[in-house]
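Just below is one structure, and these are the notes that go with it.
The values are calculated or read from the model by the stated rules, or taken from the named source; none is laboratory data. None of these values were measured; they are calculated from a predicted model. Counting neighbours? That spans all protein chains shown, and the Cβs are built from the backbone with ideal geometry, glycine included. Ligands, DNA and RNA are excluded from the accessible area calculation, which covers all protein heavy atoms including side chains. Shrake-Rupley method; radii C 1.70, N 1.55, O 1.52, S 1.80 Å.
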Amino acid sequence: MIARWVALRIIQEMRRDRRTVAFFVLVPIAIMTLIYYAMLGDETARLGVVTRGLARMYDATLIRSLEETEDLVIVPLDIPDDLTDPAAIEQAIHKALGEGQAEGVLYMDEQLIVDRFAGRRGNLHVYVQGERPTLNAIILGGIAESMDDLANDMGVVIDASCSAFCANSVNIKPMELKKHYVYGSEDYRSVDYFLPVIPPFIIFFLTFIISAITFQRERVRGTLDRLMVAPMGFSQVVLGYIGGFFFFSVLQTVIVVGYVLALLSFPVSWGQIGAILFMALLMMLVALMMGLLASFLAHNEFQAVQFIPLVILPQVFLSDMIWDIRSFPAVLRGISWVLPMTHANQAMRGMILRDMRLWEAWPQILILTGFFLVTLFILMYAGRLHARRRS
Amino acid sequence: MLQVDRVTKQFGKLKALDELTLAVPEGQIFGLLGPNGAGKSTLIRIITGLLPPTSGTITLLGSKDPTDMEIRRQVGYMPQDAALYPGLTIAENVRFFGRIYGVPETVISQRMEEDLELVELTHRKDSVVETLSGGMVRRTMLLTALIHRPRFLILDEPTVGVDPELRLKFWDWLAQLVQRGSSILITTHHISEAVRCAKVVFLREGKRLEEGPPRELMARYGSQDLEEAFVKATSRKGGTP
């Protein structure tokens, strides 16, 4: 078996490449940890309960019943108790949901009690953030289950319109559940929640890979050395790469964003399309810089390729792309914050699902610009250090 | 033109260059000769500023800083590897290197025509580099190193992998370049071909064995061939040829 000599040669070569050995050992552990937490964490929806007037009497029953619902957590809201004006309460509920204090709010007003005792069905209001269909389902399902308990606790209300046929039966009228969507609508599909994060992922993934490999090729075939002995600084090489990739990346970004917007079940305004393209291009620049840096730090194409899972996979797991980041331990949530895709996803979802304006995404723009500048600085510094070592 | 003064380069325990001193005069082809591993490419990388010396100094065109932009502008470098963009044509590669050296477009076009004619590649100027033969790639490399008309041309093993007929032509072209006013530092392990240099240095294990005009060295060692002179110099001064 001559093949064994080929195998032996590969082992001998890899043994000397410590980075590759570390890659084989550490990367599976890291990926398995991420998969474990991603699969372990159940999605939980946070629900706030607001009751006013006589309806407060049923707080305890309602909350007890809701708490029995799996994956539903009752959370306090930052809404003052003395706020009684219905319009002001509704405004406060919208604000609480917009700020992310909860994914849903159950609002039970005094009118409900009045209606029930007058023999009417009465309205129970539920406000849902609406952008995440799975959480909507948990909230609405939990409330539906608790409504019977609540109706029982409120006493038996006989249907006034009941005919003689049912006169002897107890007919508890169900309450009317009024659903209010802060963002989106009942027709929202699960895929609509995932589509906005597709452009940051695809753009990051492709730009990172291509820039990392192309720059590495420049080094391996010796043209980088030729550029370094020409009358140009390392910064000119980096700027040249940004300029060269920018053209194709703009094209790619327009295609990806256009395709995703076409797949959405709702239209997006032209103004928002501009903001979305801006965010996507910013993400492309971050990916480009990270790709160039990875390439600069790698000694060969093999090592450059190893950066791909190292950089891409944590972002897939920890950027709130598919799995809810709240279900991960604090350390991984901390790591999530330093991943550019986390911020790009937040901005993209905000712009597409919540009609967020470009200026409202300033924290994400600031962070991504920071990523770009810091990576650029590290790359320039590493390049200059490299050049200084040579001179 | 170039002064190398007691340059040593150490890679861990390996001494690639050992207190090497040499001077390259203006308007000549100066040969750096030695077998593979003699330290020729290391010295070239130090001269171009791609590697720092462990000790010693390099003075190139009057400057001790090889990364000085003004110095770089006057130096042409042809590395040993096929350091070209394989997806571009010959003309596109030459134009790219001309541009990064700040040569005006019209001047590039004019020089390119002259140089393509010199290295007999005019008919292939629009061919993509990855479709070229090894010899054509070496000629294209030379073109890209010449386009900014450097005062000092550094050629690291320009004839490696080139057939004997083309090797002879290479030396003819280098002679023409000297006539045009360039000074050339060339390394080769095909020692015999360096007989056309004005002066050569025999290098072995990072040390200078001999220095002088090829004919003079051949006479000194009673050899008909420069390679034979090198072998004799090696055995006389220690080391295994």
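Normalised by the number of residues in segment A:303-376, the mean separation of alpha-carbon contacts (under 8 Å, six or more apart) gives a relative contact order of 24 percent.
On the basis of the beta-carbon distance and an R0 of 56 Å, B:His123 and A:Ala30 show a calculated FRET efficiency of 0.50.
Each residue of segment B:111-123 was assigned a 3J(HN,Hα) from its phi angle through the Karplus expression (A = 6.51, B = -1.76, C = 1.60, θ = phi - 60°), giving 5, 4, 4, 4, 5, 4, 5, 4, 9, 6, 10, 3, 5 Hz with x at Gly and Pro. The aspartates and glutamates whose alpha-carbon is closer than 12 Å to the alpha-carbon of A:Lys95, local same-chain residues fewer than 8 away aside, are A:Asp78, A:Glu103. Farthest toward the positive end of the dipole of chain B, out of B:Thr144, B:Tyr101, B:Ile29, is the Cα of B:Ile29, where the dipole comes from beta carbon charges about the Cα centre. Think of each Lys and Arg Cβ as +1 and each Asp and Glu Cβ as -1; about the Cα centre, that makes the dipole of segment B:38-90 roughly 80 debye. What's the angle, to the nearest 10 degrees (0 to 90), between helix A:301-318's Cα axis and the longest principal axis of chain A? Compared with the principal axis, the helix lies near 10 degrees.
Accessible surface for A:Glu43 stands near 50 Å², nearest 10, in the context of the full protein assembly shown (1.4 Å probe). For B:Lys125, the lysines whose Cα comes closer than 22 Å to its Cα, not counting residues fewer than 8 places off in the same chain, are B:Lys169. Within chain A, the longest segment free of exposed loop sites, counting trypsin sites (Lys or Arg not before Pro) that fall outside DSSP classes H, G, I, E and B and have at most 14 other Cβ atoms within 10 Å, spans A:17-188.
One decimal place: the segment A:Asp85-A:Arg64 gains 4.9 nm when fully extended, by the rule 0.36 nm per residue minus the C-alpha distance. The candidates B:Lys13, B:Lys64, arranged from most to least accessible area with a 1.4 Å probe in the full protein assembly, appear as B:Lys13, B:Lys64. Using a simple spin-label model with pseudo-atoms 7 Å out from Cα toward Cβ, A:Trp362 and B:Glu92 lie 4.5 nm apart. Proximity of backbone amide H atoms, modeled 1.01 Å from N, is registered between B:Lys199 and B:Ile29, B:Gly31 at under 5 Å, excluding neighbours fewer than 5 places apart on the same chain. Between B:Ser183 and B:Gly27, B:Phe152, B:Leu153, the built amide H atoms are under 5 Å apart, and every one of these is 5 or more places off in sequence or on another chain. Computed from phi, the 3J(HN,Hα) profile of segment A:359-365 under the Karplus parametrisation 6.51, -1.76, 1.60 (θ = phi - 60°) reads 5, 6, 8, 4, x, 5, 5 Hz, with x in place of Gly and Pro. For segment A:21-160, the Kirkwood hydrodynamic radius comes to 16.9 Å, computed from all pairs of different C-alpha atoms.
First measure r as the distance between the Cβ atoms of B:Thr54 and A:Tyr259, then evaluate 1/(1 + (r/R0)^6) with R0 = 56 Å and state the FRET efficiency to the nearest 0.05. Here the calculated transfer efficiency is 0.50.
Shown is the FRET efficiency for B:Glu211 and A:Ile2, computed with R0 = 51 Å from the Cβ-Cβ distance and rounded to the nearest 0.05: 0.55.
Pairs of Cα atoms nearer than 8 Å and 6+ residues apart set the relative contact order; for chain A it is 17 percent. Value of Rg to Rh for segment A:284-355, rounded to two decimals, is 1.05; Kirkwood radius and Rg both from alpha-carbon coordinates. Just to compare against my own numbers: the Cα pair-distance distribution for chain B, 5 Å bins, whole % per bin, please. In order of increasing distance, the bins hold 1, 7, 14, 18, 19, 16, 12, 8, 4, 1, 0 percent. Each of A:Phe266, A:Phe371, A:Val305 was placed along the dipole of chain A (beta-carbon charges, centred on the mean Cα), and the one lying farthest toward the positive end is A:Val305. Across segment A:256-261, computed HN-Hα scalar couplings (Karplus, 6.51 cos²θ - 1.76 cosθ + 1.60, θ = phi - 60°) run 5, 5, x, 5, 5, 5 Hz from first to last residue, x flagging Gly and Pro. Straight-line cross-link partners of B:Lys232 among the aspartates and glutamates, defined as a Cα under 15 Å from its Cα and at least 8 positions apart when in the same chain: B:Glu210, B:Glu211, B:Glu216. Computed from Cα atoms, the angle from the helix B:134-146 axis to the main principal axis of chain B rounds to 90 degrees. Working note: Debye formula, equal point scatterers on the alpha-carbon atoms of segment B:25-89, no solvent; log10 I(q)/I(0) at q = 0.21, 0.26 Å⁻¹ is -1.07, -1.33. What is the angle, in °, between the Cα long axis of helix A:18-40 and the longest principal axis of the Cα atoms in chain A? Nearest 10 is fine, range 0 to 90. For helix A:18-40, the angle is close to 10 degrees. For B:Ile191, the accessible surface of its heavy atoms amounts to roughly 10 Å² (probe 1.4 Å, protein chains only, rounded to the nearest 10).
What is the Rg over Rh value, at two decimals, for the protein assembly as shown, using alpha-carbon atoms and the Kirkwood definition of Rh? My calculation puts Rg/Rh at 1.21.
Summing Cβ point charges (Lys, Arg +1; Asp, Glu -1) relative to the Cα centre of the protein assembly as shown gives a dipole of roughly 3680 debye. Taking the Cα centre of segment A:308-391 as origin and assigning +1 to Lys and Arg Cβ atoms and -1 to Asp and Glu Cβ atoms, the resulting dipole is close to 500 debye. For the pair B:Asn36 and B:His190 in one chain, pulling the backbone fully straight at 0.36 nm per residue adds 54.4 nm over the alpha carbon distance. Taking amide hydrogens as placed 1.01 Å from N in the peptide plane, the amide H of A:Arg189 sits under 5 Å from that of no residue at least 5 positions away in sequence or on another chain.
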